[in-house]
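Here the structure comes first, spelled out in structure tokens, and everything after it is commentary.
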Amino acid sequence: MSYIQGYDSESLREIVDPSACRQRLEDIGSQRSLPALLERVWLLKVLGELDESVALSEQSVRVARMAGTRKDLLRSRILHASVLTERGAYEAADAELSTCAEEADGQEWPSIAAFALSHRGRERHAAGDAEGARSDFKRVLFLRQELGASEDELELAMTMIEATERRRSAVSAG
């Protein structure tokens, strides 16, 4: 079940049903598996509970480092960086997401590279770097096309590109 109902056209943040997210948090409880930790991090992030989310995201990185695969570690680091973005720590998030995208590219893991770049694009959009965000979202679109992504995934990437185009136009006109 997807808890994402859409994306805000200005901030590019996920629009979620808070009651469904809170119910899912309750369902997960205190499970300690890496997938449960990652889901809790994301749910807390989208609910705006950033202090708890960042602490849990740091824990998920440690768990992935000790007991997960390299892919698990990358996913954990990407999610941690997305929480940093929500907290306004754009430089730290950008550095982490750039490193993750480069590693995923080097390992030829295009789906993880797209995941990192989509988060870096959203971070750059939030930080006011419309050109950087646009470049990242274009790369995400290309990677997802190569992967044979669904029309919905491709449409989302195109929507993100359009949002950065609007911001870039508004900045240059203003």
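The values are calculated or read from the model by the stated rules, or taken from the named source; none is laboratory data. Nothing here was measured: the structure is a model prediction, and the numbers come from that model. Surface accessibility is based on the protein's heavy atoms, side chains included, excluding ligands, DNA and RNA. Shrake-Rupley method; radii C 1.70, N 1.55, O 1.52, S 1.80 Å.
Odds and ends about this structure:
- Counted over the chain with a bin width of 10 Å, the fraction of Cα pairs per bin, in whole percents, is 10, 36, 39, 13, 1, 0.
- Hull-based mean projected area of the stretch 80-174, where the convex hull spans the alpha carbons, in square nanometres: 5.9 nm²
- Rolling a 1.4 Å probe over the protein heavy atoms of the chain, with every protein chain left in place, gives an accessible area that is 48 percent carbon and sulfur.
- Applied to the stretch 38-52, the Karplus parametrisation 6.51 cos²θ - 1.76 cosθ + 1.60 on θ = phi - 60° returns per-residue 3J(HN,Hα) values of 5, 5, 4, 4, 5, 4, 5, 4, 6, 8, x, 8, 6, 5, 5 Hz, with x for Gly and Pro.
- The stretch 1-92: Cα Rg divided by the 2.2 N^0.38 Å rule of thumb: 1.06
- Separation of alpha-carbon centers, the stretch 56-75 and the stretch 103-135, rounded to whole Å: 19 Å
- One chain, two ends: Gln31 and Leu154. Fully extended at 0.36 nm per residue, the span grows by 41.0 nm beyond their Cα-Cα distance.
- Across the stretch 106-111, computed HN-Hα scalar couplings (Karplus, 6.51 cos²θ - 1.76 cosθ + 1.60, θ = phi - 60°) run x, 8, 6, 10, x, 5 Hz from first to last residue, x flagging Gly and Pro.
- Phi angles across the stretch 90-95 convert, under the Karplus curve 6.51 cos²θ - 1.76 cosθ + 1.60 with θ = phi - 60°, into 3J(HN,Hα) values of 5, 5, 5, 5, 4, 4 Hz, Gly and Pro given as x.
- Solvent-accessible heavy-atom area per residue, rounded to whole Å², over the stretch 1-152 at 1.4 Å: 51 Å²
- For Tyr7, distant residues with modelled amide H under 5 Å away: Ile15
- Prolate/oblate/rounded label for the stretch 64-125 (Cα gyration tensor, a/c 1.5): oblate
- Contact order, relative form, for the stretch 98-174: 26 percent (alpha carbon pairs under 8 Å, 6 or more residues apart, mean separation divided by residue count).
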